[in-house]
Amino acid sequence: MGGRPSSSLDKRQQQHLRGQVDTLLRNFLPCYREQLAASKLPRVREHRGPLTQLGGHPPRWQPIFCVLRGDGRLEWFSHREEYENGGHPLGSTTLTGYTVLTSQREYLHLLDTLCPVSSGEHTQEESDPLLEMPVNFPLFLQHPFRRHLCFSAATGEAQRAWRLALQGGIRLRGTVLQRSQAPAARAFLDAVRLYRQHQGHFGDDDVTLGSDAEVLTGVLMRKLLPALRAQTLPGLRGARRNRAWAWTELLDAVHAAVLAEASAGLRAFQPEKDELLAVLEKTIRPDVDQILRQRERLAGRLRVEVQRPLESCLHGKVDTQLSLVTQKLLSTMEAVLSAVQTLLAQGMDRLSRHLRGSSSGTQLRKEVYSFGEMPWDPELMQTCYREAERSQRRLRQLVVPFGFFGTRSLMFGAQDLAQQLMADAVATFLQLADQCLTTALDCTQAAQQLEKVRGRVLKKFQSDSGSVQRNFTRGWLLSIFLPFVLHQLEGSCTVELLEFEGDVLAVGSPALTVKGIYKDIVQGVLLQMIDGDEKAEAQRGTRPGQPGSGTEVQPLCPLPPPRTFCS
């Protein structure tokens with residue numbers, strides 16, 4: 001052990017080992033690349049089963065076998081055996097941007113709105129397969145720029161299971177950039193917002209849902225849509241719903257082409273991006289203190305110039321609605337977190353009961369596994385997710401006047417936090433239980449130890465919840481009001497910004513821009529108003545939620561491998 005080898009390897013042995021390593025890497029690296037991508041996404045429980053699908057020309061219902069992968073990708077096969085034998089799917093799609101509908105009447109109404117009949121137009125409605133064969137348990141996947149997917153389940157129970165699984169996959173794919181901790185992801189989202197502001201779009205919406213290429217595709221598709229509609233819809237013939245289907249197929253082709261080009265462009269930009277980051281690291285890091293001092297000096301001067309119009313805008317147009325929106329966000333997260341805590345406590349109590357009841361080792365392991373899977377069980381977590389969905393309509397009414405149309409992103413954010421907090425709490429419970437339970441304890445003693453662990457986990461959960469609720473509210477208040485304020489001030493502060501352009505350029509750092517400093521000033525003053533409103537609500541005793549400790553919730557992580565607890 002630790003000694004020298006008795007002899008060195010000859011060339012043949014070295015070559016053989018090199019070949020072995022090359023083979024290992026050739027087989028391992030694809031898995032590694034896949035897991036690097038998957039590590040950015042919380043896990044979706046794989047869901048599969050038989051469905052029927054409406055497809056073909058003319059459309060008809062045909063049996064398929066559907067699989068929702070753990071990364072939120074949906075595939076469908078001709079039959080189960082094709083899937084089990086590793087065959088190629090008939091089709092597949094990533095779920096980014098889709099919406100699940102389970103009402104055939106609602107879906108048919110949606111098709112009618114895609115190709116409205118103009119005044120004076122008379123069309124002979126042809127037979128429609130959707131009308132000829134009413135569907136008892138439909139699953140319609142609708143997308144604003146892609147071909148619609150129409151499935152049907154055999155039972156109401158199967159329909160519900162698929163609906164929950166698909167909604168989880170849609171959320172998973174949509175919030176990949178929002179959940180990322182990488183500075184590059186934040187820079188990309190900020191760049192998208194800045195680009196859209198240059199195009200005259202200041203309000204926040206759901207365009208930033210998806211990967212970087214999907215986001216850019218969505219931005220361009222929104223720009224192309226009016227012209228595509230004007231050029232294409234008048235030329236479509238046939239029944240209105242058949243025209244609607246033809247329209248979605250055209251959009252799907254355009255979307256696929258744009259997505260391919262956007263993906264290729266971002267891949268081509270990657271070397272330049274890497275080089276740029278390396279240069280910035282070398283040039284900014286040594287002078288970061290000096291740059292920050294210069295930035296603060298410039299910000300102080302600019303703050304004086306824009307203070308009057310900024311305060312006028314905040315007090316005249318934001319202050320009146322800030323408390324209402326703040327209360328709605330706080331109450332939404334309070335309801336979500338309360339549901340998570342209830343579900344968590346029930347799961348821990350269920351384990352304790354099984355332990356007190358002297359369950360068999362097999363049964364206990366099964367219960368521990370089920371407990372560990374709770375964050376990714378769509379049926380269980382639905383009680384938490386539903387609380388976020390309930391507030392959407394009222395919240396939309398409050399924020400639309402400020403140009404904010406991102407309530408779906410907001411709802412997804414609340415649901416992501418619910419899953420993240422549950423995963424963190426479950427992992428903490430299993431880790432602590434594994435540390436304190438030994439084979440020397442009888443069932444009663446073990447149950448007493450679990451009760452102590454339960455208390456510690458709930459205390460940590462409440463601490464984390466207070467921080468999460470506060471950060472969630474502040475973050476979304478900024479997303480709602482900051483673009484609105486910047487838009488309102490666009491005309492009144494233009495001269496002041498131009499006067500400071502030369503001073504900023506004189507600093508000579510790409511990290512400093514006039515618009516960046518200006519945005520930070522507006523954001524800082526807005527945050528002061530948000531924090532002041534939150535303190536006022538707390539003093540009046542109307543603020544909901546648990547007090548927080550400032551503990552940050554860590555990203556979703558795999559569960560620690562239990563030892564004694566699962567043995």
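The values are calculated or read from the model by the stated rules, or taken from the named source; none is laboratory data. The structure presented is a predicted model; accordingly, all values stated were derived computationally and were not measured. Please note: Cβ atoms are built from the backbone with ideal geometry, for glycine as well, and neighbour counts cover all protein chains shown. When the accessible area is computed, the model is the full protein with side chains, heavy atoms only, and any ligands, DNA or RNA have been set aside. Shrake-Rupley method; radii C 1.70, N 1.55, O 1.52, S 1.80 Å.
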Discussion item. List the residue pairs whose Cβ atoms are under 6 Å apart, where the first residue sits in the range 265-284 and is at positive phi and hydrophobic (A, V, I, L, M, F, W, C), the second is modelled with pLDDT under 80 and not in a helix (DSSP H, G or I), and the two are 6 or more positions apart or on different chains.
Written reply: none
Discussion item. Quick check on residue 241: is it at pLDDT below 95, of a type outside the set (A, V, I, L, M), farther than 19 Å from residue 269 by Cβ and out of contact with any strand residue (DSSP E or B) (no Cβ under 6 Å at 6 or more places or on another chain)?
Written reply: yes
Response to the item:
Residues of the range 495-530 being of a type in the set (Val, Ile, Thr) and open to solvent by less than 60 Å² (accessible area, probe 1.4 Å), in sequence order, are 504, 507, 514, 517, 521, 522, 525, 530
Worksheet item: Do we have any residue at all in the range 452-475 that's of a type outside the set (D, E, K, R), over 30 Å from residue 338 (Cα atoms) and either in a helix (DSSP H, G or I) or in contact (Cβ under 8 Å) with a residue 24 or more places away in the chain (or both)?
Response: no
Discussion item. Can you say whether residue 510 is more than 26 Å from residue 307 (Cβ to Cβ) and at pLDDT 70 or above, as far as the supplied structure shows?
Written reply: yes
Worksheet item: Does the range 300-334 hold any residues that are surrounded by 18 or more Cβ atoms within 10 Å (Cβ to Cβ) and among the aliphatic types (A, V, I, L, M), and which are they?
Response: 302, 306, 310, 314, 318, 322, 325, 329, 330, 333
Item to complete: Evaluate the range 173-182: report whether one residue or more is among the small types (Gly, Ala, Ser), open to solvent by less than 50 Å² (accessible area, probe 1.4 Å) and either under 22 Å from residue 510 (Cβ atoms) or at pLDDT below 90 (or both).
Response: yes
Worksheet item: From the list 278, 244, 262, 213, which one is among the aliphatic types (A, V, I, L, M) and surrounded by fewer than 18 Cβ atoms within 10 Å (Cβ to Cβ)?
Response: 278
Worksheet item: Restricting attention to the range 160-184, which residues are of a type in the set (A, V, I, L, M, F, W, C) and in a helix (DSSP H, G or I)?
Response: 161, 162, 164, 165, 166, 170, 172, 176, 177, 184
Practice prompt. Please enumerate the residues belonging to the range 64-103 that are under 17 Å from residue 137 (Cβ atoms) and surrounded by fewer than 13 Cβ atoms within 10 Å (Cβ to Cβ).
Written response: 103
Discussion item. Of everything in the range 339-370, what is buried (at least 18 other Cβ atoms within 10 Å of the Cβ) and modelled with pLDDT of 90 or more? Give them in sequence order.
Written reply: 339, 340, 341, 343, 344, 347, 348
Item to complete: Determine if the range 22-30 includes at least one residue that is at pLDDT below 90 and among the aromatic types (Phe, Trp, Tyr).
Response: yes
Worksheet entry | Any pair with Cβ under 7 angstrom, 6 or more apart, that starts in the range 329-340 at a residue that is closer than 16 Å to residue 480 by Cα and ends at one that is assigned to a helix (DSSP H, G or I) and open to solvent by 20 Å² or more (accessible area, probe 1.4 Å) | 329/476
Worksheet item: Of the residues that sit in the range 201-252 and are among the small types (Gly, Ala, Ser), in a loop (DSSP other than H, G, I, E, B) and under 27 Å from residue 478 (Cβ atoms), which one is nearest to the chain's Cα centre (by Cα)?
Response: 210
Practice prompt. Considering every residue within the range 403-412, establish whether at least one is touching a Ser or Thr at 6+ places or on another chain (Cβ under 6 Å), in contact (Cβ under 8 Å) with a residue 12 or more places away in the chain and either open to solvent by less than 30 Å² (accessible area, probe 1.4 Å) or under 21 Å from residue 208 (Cβ atoms) (or both).
Written response: yes
Practice prompt. Tally the residues that are free of Cβ contacts under 8 Å to residues at least 40 places away in the same chain and more than 15 Å from residue 374 (Cα to Cα), restricting the search to the range 413-449.
Written response: 9
Discussion item. Just the residues that are under 19 Å from residue 47 (Cα atoms) and either of a type outside the set (Phe, Trp, Tyr) or assigned to a loop (DSSP other than H, G, I, E, B) (or both), please, taken from the range 342-382.
Written reply: 370, 372, 373, 374, 375, 377, 378, 379, 380, 381, 382
Practice prompt. Note down all Cβ pairs under 6 Å where the first residue falls in the range 104-126 and is modelled with pLDDT of 55 or more, the second is of a type in the set (A, V, I, L, M, F, W, C) and assigned to a helix (DSSP H, G or I), and they're at least six residues apart or on different chains.
Written response: 111/244; 114/244; 114/247; 115/244
